[in-house]
Amino acid sequence: MAGHKERTFIAVKPDGVQRGLIGSIVERFEQKGFHLVGMKFLQASEELLKQHYSELKDRPFYPGLVKYMSSGPVVAMVWEGLNVVKTGRVMLGETNPADSRPGTIRGDFCIQVGRNVVHGSDSVESAKREIGLWFKPEELVVYSSCAHDWLYGTN
Ligand code: DAT
Ligand code: MG
């Protein structure tokens with residue numbers, strides 16, 4: 001049962017918002033059967049984005065990445081479900097859209113690595129860190145889904 005409670009941090013990046021892809025990206029996670037526990041639309045501060053991408057601070061693209069991510073609003077989300085971190089990454093596709101298969105979000109909706117429309121945590125540990133950075137505990141909603149037993153075969 002505990003595995004069903006795994007959580008990941010997913011964000012629609014500023015290009016995804018501007019290009020009208022919020023609904024399409026949310027729809028993929030909803031249709032898969034994952035459980036939405038947090039969602040907000042915000043203009044992220046440079047400070048938050050620097051912390052979010054702190055592991056990449058020595059990479060040459062880091063300043064441009066922070067600038068791009070702060071260039072407009074984003075949709076920050078927390079999704080829950082069995083293996084949601086790993087499956088979420090599969091649903092996103094590769095970091096570079098050119099390497100992403102059709103059927104993945106990046107494979108279907110974008111072209112350039114520097115404008116790859118969506119973020120997803122790369123491990124359970126990163127997910128915990130990112131969720132803590134972007135959400136206050138009270139912004140995460142605990143509720144039961146009527147689809148849960150049908151998704152997991154526990155009925
Ligand atoms: P991911 O977002 O797939 O987890 P990452 O954590 O390695 O990839 O990098 C974070 C973001 O930085 C990525 O979504 C897009 C940008 N990025 C990564 N590599 C890049 C590169 N070589 N040139 C420009 N932007 C890059
Ligand atoms: Mg990453």
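The values are calculated or read from the model by the stated rules, or taken from the named source; none is laboratory data. Treat the numbers as computed from the prediction; the structure is a model and nothing was measured. Because the Cβ atoms are built from the backbone with ideal geometry, glycine has one as well, and the counts that use them run over all protein chains shown. The accessibility values were calculated without ligands, DNA or RNA, using every heavy atom of the protein model including side chains. Shrake-Rupley method; radii C 1.70, N 1.55, O 1.52, S 1.80 Å.
The table below lists the values:
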read-out	value
Test: Gly153 is more than 15 Å from ligand 1 (Cβ to nearest atom) and within 16 Å of the chain's Cα centre (by Cα)	no
Single match in Gly93, Gly81, Gly88 (criterion: touching a residue at least 40 places away in the same chain (Cβ under 8 Å), within 16 Å of ligand 1 (Cβ to nearest atom) and not aliphatic (A, V, I, L, M))	Gly88
Breaking point among (1) surrounded by 20 or more Cβ atoms within 10 Å (Cβ to Cβ); (2) among the polar types (S, T, N, Q); (3) more than 14 Å from the chain's Cα centre (by Cα), for Thr8	(3)
Counted residues, the range 54-89 - those being open to solvent by 10 Å² or more (accessible area, probe 1.4 Å) and part of a loop (DSSP other than H, G, I, E, B)	10
Failed condition for Glu55, given (1) within 14 Å of ligand 2 (Cβ to nearest atom); (2) closer than 14 Å to Ala11 by Cα; (3) among the charged types (D, E, K, R)	(2)
Condition met for Lys136 (farther than 20 Å from Val26 by Cβ and either modelled with pLDDT of 95 or more or surrounded by 12 or more Cβ atoms within 10 Å (Cβ to Cβ) (or both))	yes
Condition met for Val142 (assigned to a helix (DSSP H, G or I) and more than 18 Å from Glu46 (Cα to Cα))	no
Test: residue in the range 103-124 that is surrounded by fewer than 17 Cβ atoms within 10 Å (Cβ to Cβ), within 12 Å of ligand 2 (Cβ to nearest atom), of a type in the set (S, T, N, Q) and not in a helix (DSSP H, G or I)	yes
Of all residues making up the range 90-101, the number that are assigned to a helix (DSSP H, G or I) and more than 12 Å from the chain's Cα centre (by Cα)	3
